[in-house]
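Written below as structure tokens is the structure these notes are about.
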Amino acid sequence: MIRPLAATALSLVLVSAAAPAIAREKSVPADKVFVYLDRFLKVPAQERSRMRLGYVLRSDGKPLGGVKVVLVESNGATTPLPVGPDGEFDRLPTLAQLNSKARLVFDLPADKKFGVSMGPTPVLKLAQDYDARELALTVSESNAAMRKAAGPGLSLMVPKLPGIGFVGAQGGQIVYGDGRTEAL
């Protein structure tokens, strides 16, 4: 009689300990969070090597950083998807994971409202100097990859990237082939 009573008490303790964890989770289909990513990943890698898509968690119009997110595939496999302090996902799901109807589990209260913003980001090594031809090629490849990912029906609605911005840069200059310089 003592053993069944002890087992019942232990199961009640485990259930009560698990209740706060369940209340702190929000589960969402991965393809609803990473909108457009599957189409982008279907573009051949060599045609999108100069850009990537960035996804940022937001709540009340501000980045929501440091949230623990786990991708759970239909077969039960889990993959952590780290979110940086700026709210940006450091890792994104693969095309196979998105196609497997995976879900994302957020360590957030179930009633927490949040959204995700998406934007193209150039893949450039951090440097003091950039070759203008490389920057122009990055912009043109990025525009072509986004139009191709959108498909024929939506490609006209994809905004055209005019150039590359350097967030946080205080200034810069362009040096022409003949040695002339001009402030940016």
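Miscellaneous remarks
- The candidates Thr121, Thr94, Thr138, arranged from most to least accessible area with a 1.4 Å probe in the full protein assembly, appear as Thr94, Thr121, Thr138.
- Residues whose amide H falls under 5 Å from that of Gly87, counting only those 5 or more places apart or on a different chain, are Gly65, Gly66, with hydrogens built in the peptide plane.
- Given Lys32/Lys125; Lys62/Lys101; Lys62/Lys113; Lys68/Lys125; Lys32/Lys68, the pairs whose alpha carbons are separated by over 23 Å: Lys32/Lys125; Lys62/Lys101; Lys68/Lys125
- Distance from the alpha carbon centroid of the stretch 35-69 to that of the stretch 103-176 works out to 10 angstrom.
- Using just its DSSP H runs of length 4 or more, each adding -39500 (n - 2.57), the chain gives a mean residue ellipticity at 222 nm of -9500 deg cm²/dmol after division by all residues.
- Using C-alpha pairs under 8 Å with a sequence gap of at least 6, the mean separation divided by the residue count of the chain gives a relative contact order of 24 percent.
- For the stretch 98-176: rounded, prolate or oblate by the Cα gyration tensor [a/c cutoff 1.5]: oblate
- Answer label, with Rg/Rh (Cα atoms, Kirkwood Rh) calculated from the coordinates and candidates [x] 1.15; [y] 0.96; [z] 1.49: [x]
- Where the chain is the region considered: accessible area per residue in Å², 1.4 Å probe: 67
- Taking Cα atoms only, the orientation of helix 2-23 departs from the longest principal axis of the chain by about 30 degrees.
The values are calculated or read from the model by the stated rules, or taken from the named source; none is laboratory data. In this text the structure is predicted, and so the values were computed from the model without any measurement. Ligands, DNA and RNA are excluded from the accessible area calculation, which covers all protein heavy atoms including side chains. Shrake-Rupley method; radii C 1.70, N 1.55, O 1.52, S 1.80 Å.
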